[in-house]
1. I want to check the label-to-label distance for residue 158 and residue 134. Put each point 7 Å from Cα in the C-beta direction and report it in nm to one decimal.
2. Hey, with R₀ at 30 Å, roughly what FRET efficiency would residue 279 and residue 181 work out to, going by the Cβ-Cβ distance, to 0.05?
3. Can you compute the charge dipole magnitude of segment 156-221 about its Cα centre, using +1 on each Lys and Arg Cβ and -1 on each Asp and Glu Cβ, nothing else charged? Give it in debye, rounded to the nearest 20.
4. Would you mind computing, in nm to one decimal, how far apart the modelled labels at residue 80 and residue 188 are, each placed 7 Å from Cα along Cα→Cβ?
5. Output wanted: per-residue J couplings in Hz (rounded whole) for segment 205-210, from phi through Karplus 6.51 cos²θ - 1.76 cosθ + 1.60, θ = phi - 60°, x for Gly and Pro.
6. Using the Cα centre as the reference, give the magnitude of the dipole from point charges on the C-beta atoms of segment 96-216 (Lys, Arg: +1; Asp, Glu: -1; all else neutral), rounded to the nearest 20 debye.
7. Give the long-range amide H neighbours of residue 107: residues separated by 5 or more places, or on another chain, with amide H under 5 Å away, using H modelled in the peptide plane at 1.01 Å from N.
8. Counting Lys +1, Arg +1, Asp -1, Glu -1, what net charge surrounds residue 154 among other residues with beta carbon under 10 Å of its beta carbon?
Amino acid sequence: MIAISPVSHQGPRAGPCGTNVPPDARHASCRPRGEEGLQSRQVVAYASAMKTDHAAGSRPGGSASEPNESRHMPAPTFFTTDHDVQKAVTEELDWTPQVHAENVGVSVHQGVATLSGDVRTLAERTAAAKAALSVHGVIAIANELTVHLVGAAHTDSDVAEAVSNSLRWSSVVPAGQVRAEVKDHVVTLTGLVDWDYQRHSAHRLVEHIDGVAHVENHILLKERPTAHGTEALVRRAVVRKATRDANSITATVDGTNVTLKGTVTSWSEKQQAGHAAWSSPHVTSVTNQIRIVVS
């Protein structure tokens, strides 16, 4: 058994007189109010400095005219030209530790980023796509990255066993409801689950397995009953997740099918709206036609 010791707090503690004193004055003796001892003056000076610093937004010991620069983030930069977006995507790939950016080429045309080159794993290919989509100004990607598996060669039988174990041990994917077939390092998933997040979880589990070059996800959702008021509920869910004006997004429900339309300014906003719609217990398909308009 590993014992976890309590966290030691290093903040102000109660002094001998029951008052809080700063760390460097914890050993000051308890003096009468009228006594002008050196340590008492240190405590008063410390408290006064802390009060001034909090009011001025500066570090302890700094002046009120010197702001705490570490608290100020640079203003966000919005990339307007394809050249600016291409440069930003390249920098973001280089900043993403899961991606060997030196092997990835980037080109951008009218906001569509094309990724080309070779990557070592399927997970790296996915990480590169997510990194590119996170950049402001990217409205879509064409992922032309090719997975070239490196390291020890795994047979399809090895991969199938690893996939089976991953799905069986998952706490998210329903036991026994997802099947996998492996051929030439391509994994095909089939089956029925209750929720969209479950089939996406199965996909993510498999794409991180060494030896998998591609995943075909054919998992379906179980039939769900229609319900009155689904459109209003989906609409409210989209509004809750909206980072900007949710009035620009519409949700239309036909049976258990939802169609989203409207405009947003980033891929993440479009994705959030889709997640909101998929969370309804009365939805089996979502058609996300939201357009990304870079402002």
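1. 3.1 nm
2. Result of the calculation: an efficiency of 0.50.
3. On the way: 5 positive and 10 negative charges, 48 e Å.
So the dipole magnitude of segment 156-221 works out to roughly 220 debye.
4. Simple spin-label model gives 5.0 nm for this pair.
5. Karplus values, whole Hz, x for Gly and Pro: 4, 6, 5, 8, 8, 4.
6. 280 debye
7. Placed amide hydrogens put 114 under 5 Å from residue 107.
8. Value of the local net charge: -4.
None of the figures in this text is laboratory data; all of them are computed from the coordinates on show. Since the model is a prediction, treat every value here as computed from it, not as a measurement. Cβ coordinates were reconstructed from backbone atoms using ideal geometry, including for glycine residues, and neighbour counts include every protein chain displayed.
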